[in-house]
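The values are calculated or read from the model by the stated rules, or taken from the named source; none is laboratory data. It should be emphasised that the depicted structure is a prediction, and the values quoted were computed from it without experimental measurement. Backbone-built Cβ (ideal geometry, glycine too); neighbour counts: all protein chains shown.
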Amino acid sequence: MIPKGAIICIILGIIGSGLVGIFFLEIANQPLIPIHVLGPSLSVITEKTNFRLGEPIHIKIVNSGTVPLTFLDASYGLKIKQLDGIILYSPISAPVISVLKPEEEKAFVWNQTKLDGSKIIEGTYNIVSSTDSSSDNMLKKSITINIFK
């Protein structure tokens, strides 16, 4: 026979661990907010880090600094990569010089397709943006996201 005190401790442990798990799940899915700094700074932001397969992913490229940033194309250097660095997707854009002013942002939506139009599979991916490598303010930022069934 199990003592009543042990049963109460087990039940409280199960309830407590469930509440702590819910708390950490909420923290993990909070939207990221860029912190604006003095000088050049680039941020890549999604509304969360865990997505369902097929769910549109809203991406923001933000100049979180105080100086303009220069990009080599109209997609602001946006690329979706596998963890091994292979590029899966990059928006079709004109090869023109684009400038992102301080605190300005550009929004993109990725529908989880590859360059050839096929759908991706579940996994972990990097969303990357980089500025013009010939400029004084060469920056490269990324965010890692997870896609589940």
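Table for the structure above
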| item | result |
| --- | --- |
| Any pair with Cβ under 8 angstrom, 6 or more apart, that starts in region 4-31 at a residue that is at pLDDT below 85 and ends at one that is aliphatic (A, V, I, L, M) | PRO31/ILE45 |
| Selection status of VAL109, of a type in the set (A, V, I, L, M, F, W, C), part of a strand (DSSP E or B) and either at pLDDT below 90 or more than 22 Å from ILE147 (Cβ to Cβ) (or both) | no |
| ASP73, sole failed condition from (1) in contact with a Pro (Cβ under 9 Å, 6 or more places away or on another chain); (2) surrounded by fewer than 13 Cβ atoms within 10 Å (Cβ to Cβ) | (2) |
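Conditions (1) surrounded by 13 or more Cβ atoms within 10 Å (Cβ to Cβ); (2) in a strand (DSSP E or B); (3) at pLDDT 95 or above; (4) not assigned by TED's automatic domain parsing to the domain that holds PHE24, marked per residue:
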| residue | (1), (2), (3), (4) |
| --- | --- |
| THR66 | yes, no, no, yes |
| ASP84 | no, no, no, yes |
| ILE92 | no, no, no, yes |
| ASN126 | yes, yes, yes, yes |
